[in-house]
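Note sheet for the following structure.
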Amino acid sequence: MAAPYRSREGLSTRPAAYGGNSDEIQLRIDPMHGDFDDEVTGLRKQVRRLRDVAQEIETEAKFQNDFLNQLQMTLLKAQAGVKNNMRRLNKSIIREGSSHIMHVILFALLCFFIVYMWSKFSRR
């Protein structure tokens, strides 16, 4: 019979109590190295912290999703408003004809003429 295999401090294997061709092994924990309770407690605390972090991430993801949905709705409303205003502006331009554009061009020419005359007289 082979010597027991020692895997870690405090853990060793031994053949099964009942004979035969069994591949099962029994695990024996030395009472001297019984700090597994502390390890399990530490792991439970880490799992609890990870769960809390996961819940916070889930809460933040839901908040961000709601925010994006609200932003999308706001953008859709703004887009509809711009579209309505463009439609009104186009109707207004068609109704008033090109006289509005003609007034803008005449105003620009008047401003150019005033600046030109001012620069002529300021040189003298």
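The values are calculated or read from the model by the stated rules, or taken from the named source; none is laboratory data. If you're wondering where the values come from, they're calculated on a predicted model, not measured in any experiment. In this analysis, Cβ positions are derived from the backbone assuming ideal geometry, glycine residues included, and neighbour counts consider all displayed protein chains. Note: accessible area is taken over every heavy atom of the protein model, side chains too, but ligands, DNA and RNA are not part of it. Shrake-Rupley method; radii C 1.70, N 1.55, O 1.52, S 1.80 Å.
For every residue, the table says whether it meets (1) touching a Cys at 6+ places or on another chain (Cβ under 9 Å); (2) at pLDDT below 75; (3) outside any helix (DSSP H, G or I).
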site	(1), (2), (3)
Ser12	no, yes, yes
Met32	no, yes, no
Arg44	no, no, no
Glu58	no, no, no
Asn65	no, no, no
Thr74	no, no, no
Ala80	no, no, no
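Evaluated against (1) modelled with pLDDT under 65; (2) open to solvent by less than 90 Å² (accessible area, probe 1.4 Å), Met1 falls short on exactly one condition, (2). Give the residues of region 39-94 that are of a type in the set (Ser, Thr, Tyr) and out of contact with any helix residue (DSSP H, G or I) (no Cβ under 9 Å at 6 or more places or on another chain), sorted by residue number. Within region 39-94, Thr41, Thr59, Thr74 meet the criteria.
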